[in-house]
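So the structure is just underneath, and the comments pick up after that.
The values are calculated or read from the model by the stated rules, or taken from the named source; none is laboratory data. None of the values given here were measured: they were computed from a predicted structure. Every residue, glycine as well, gets a Cβ built from its backbone with ideal geometry; the counts of neighbours run over all protein chains shown. We work out accessible area using only protein heavy atoms, side chains counted, and drop any ligands, DNA or RNA first. Shrake-Rupley method; radii C 1.70, N 1.55, O 1.52, S 1.80 Å.
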Amino acid sequence: MSGAGDDREWGQAPDGRRSYLTTSSPQPLVVRGGRQMATMNGAGFDDEEGGGGLNLAHYWHIIVKHRLVVAAAVLIALVLGVALTLMTTPIYRATATIQIDREATRVVDIEGTEPMKGGDADFYQTQYALLQSRSLAERVVQRENLASDPDFMSQQGGSPLKKITGLFRREQATPAVSGTAEQRARVATGKLVGGVSIAPVRGSRLVSISYESSNPEVAQRVVNAIAENYIGANLDRRFEGAGYARNFLEEKLATVKAQLEKSERDLVAYAQSQGIVNVSAMSSPTGGAADTAGGSLAASDLVAMNTALTIAKGNRIAAEQRWNQARSSGMSLPQIMANETVQGLRSTQATLQAQYQEKLQTYKPDFPLMVSLKAQIDAIEGQIAAEAQSVRQSVQAEYQLALRQEQELAGQVASLKGGVMDLRGRSIQYNILQREVDTNRSLYDGLLQRYKDIGVAGGIGANNISIVDRAQLPRAPYKPNLMNNLAVALGVGLLLGLAAAFALESLDETIKLPEDIEAKLGLPLMGAIPLLEKGVSVEEAMADARSPLSEAYYSVRTALQFSTNDGVPRSLLVTSARPSEGKSTTATSLARNFAKLGMNVLLVDGDLRNPSLHRILRADSSAGITNYLTGSATMADLVQATDQPNLSFIPCGPLPPNPAELLAGATIRAMIAEAEGAFDLLVIDGPPVMGLADAPLLASAVAGTVLVIEAGQTRRGLAKAAIRRLALGNARILGGILSKFNVRSAGYGYGYGYGYGSAYAYSYDYGNKRIEGGK
């Protein structure tokens, strides 16, 4: 199976009977078994299929796991959908179609006699809003006398369920119309606005107008009335607009004419009294007003000086802020902190202080060398203070310079204001009067021309709206629609069911799946041990080499062989976060599997508080590891043979009153070193991690630690706390093993490692080589 460039070595067990695989190559190995594929290197396992993308299989697992919740939500939603459909009052819809043209044929095209032109979208959106406006609804109510119509005001009907059960009575359908005329009109208008809907026909100028009511005759009558009154209202707006424009223009012309004459007289009188001759105004092509002072040299100088003053004031404020900060900040001033000289002195000072503190451990403060270092530190401190004072003085000088510049510019601006203000004072009123004359003349000319145009047009025009199809009497209810309601109920129920399933899953923080070992705990996955069926014991399952339990521990054994560059660690601790997670079974099974490879294995019961391996192996526990730790026995006195070839066992022995103190001494490390020298592999069944100091102590002494986690029972927080405790003890955690994994409750199928077949086959890639084997 090996080739050129293959760094794998097949190690020989001490008894020379079986070989086991080790590797010295740091290259990762890829191990495949069935559908499961993972990479193993010195750091551990990484699921090759578990990329950072969307894991649809994980979501499908959640849905299948909580399928009853999803099904119940869907069923309840469907029942509610049917119930609401049967209890809803049937509604009838009548629809009429009208055509709205952008412009109608016009005899005289006069601007202002028609609405302002805009885009087609703006025009049609305006028409749609008018169709649903309250003013149109009030017009329809008034013209059709709907406020006094009992059929329209009631609009009540019984649901099919009420009609079937006989709970619907005719007198309930037509309640009396009451209230004042104004109140009835307001109610009728609200009903009309609430029942109208419009739907433009895509790609055409047609618009469908619909009205919904529980009475089909009312729906037909109302929608036809809306179409007719909309056309009438459009014509009324056209004629009213032209007449209103004429009256308005007549009034405005008289007013503007009087204003123009008065403004011209005022302008001439003011120019004569002030002796102003506006040369720029006379040379202007439009003859309009011009600023007689704005273009002077003094005004330009004033603007330039004022701009410079603003900049100088900003510079002074910034310099003043820096000076105030320098006076109050002490050594924390940014300019001081950024000074290269100060930085160099501080670096030197830090070096001397470090030397002083280092030598202080050897010499006393009054030692000449220490006195010299202290003097150097004090001298550098003084240099830093002097350099800081120099920086502050430079900041103060900047502030004083900015202040003087601001004062000088302020004096120059004040001296320029006098001449400019005199010219502006005499020109302001003249410019005001000139602009008033120009405005009044332009307004008068425009109004006069518009008045002549409107007089010619006279509001002549044709209507641009017509009825294409009148509404017909609806024969069947428009809603409720049973199939639509059921579809909506199905969608809502499915969404609620999925939300409930994912909510339940997110609240469940237990480690349930093999991929949770890596995703939630950050540990390499060594393997997943299936939950035994009822009535099957561990001994019976392990006795069958093809049982799922045996296959699972074969997978863990293979993972451990490639967990480090040197193969299987010489000493291995098997522990768990809490009791009864399967660590003792795992330790025993791993020890037996490695012994089957021909390795000389020593299994030690390291749980000094609740030992159990002597019961599993049916061994004598009168003397054990506690005797070795107390110095009352040697390892040769304690090692017991088992029914498994190449497998030896040391029980716990008498329960000590102080297990943590025994494990904290150097004796446990000596025992592990002695076992590593005498055996190929040492497997220790340790105590649980949480609540005890024993497991971290053992983990710090062995070459590798495996954490067993019970599926569906161990919470993520507890497992992570156990990992943290082991890490604090400098444990080398090789990975995690998921025990008691129920494949059926997982929700979807797994390949080897999760769901096991009748035969075990494995393969792995090593560099460019592929190795296969199995049973």
To the nearest 10 Å², what's residue 674's accessible area with a 1.4 Å probe? 80 Å²
Counting only protein chains, not ligands or nucleic acids, how are 130, 734 ordered by accessible area (probe 1.4 Å), most first? 130, 734
Can you list the residues of segment 554-579 with backbone N under 14 Å from a point 7 Å past the Cα of residue 538, pointing along Cα to Cβ? 574-576, 579
Rounded to one decimal in nm, the spacing of the 7 Å Cα→Cβ label points at residue 102 and residue 424 is 5.1 nm
Amide H to amide H, which residues 5 or more places from residue 600 or on other chains are under 5 Å from it, using H placed in the peptide plane? 680, 681
Only four residue types carry charge here, +1 at the Cβ of Lys and Arg and -1 at the Cβ of Asp and Glu. Report the dipole size of segment 557-656 about the Cα centre in Debye, rounded to the nearest 20. 260 debye
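Nearest 0.05, what FRET efficiency do residue 397 and residue 432 give at R0 = 41 Å with Cβ-Cβ as r? Could you put the intermediate results ahead of the total?
Numbers: r = 50 Å, r/R0 = 1.23.
It comes out at approximately 0.25.
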Net lengthening on full extension, residue 324/residue 636 (0.36 nm per residue, minus Cα-Cα): 104.0 nm
Residue 435 accessible area, assembled protein chains, probe 1.4 Å, Å²: 130 Å²
Can you give me the distance in nm between label points at residue 236 and residue 545, each placed 7 Å from the Cα along the Cα-to-Cβ direction? 10.2 nm
Apply the Karplus parameterisation 6.51 cos²θ - 1.76 cosθ + 1.60, with θ equal to phi minus 60°, to every residue of segment 570-577 and state each ³J(HN,Hα) to the nearest whole Hz, in sequence, with x for glycine and proline. 5, 10, 9, 10, 10, 9, 8, 6
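Percent relative contact order of segment 544-671, based on C-alpha pairs within less than 8 angstrom and at least six residues apart? Display every interim value, and only then the final one.
Numbers: 147 pairs, mean separation 28.6, N = 128.
Averaging sequence separation for qualifying contacts and normalising by length gives 22 percent for segment 544-671.
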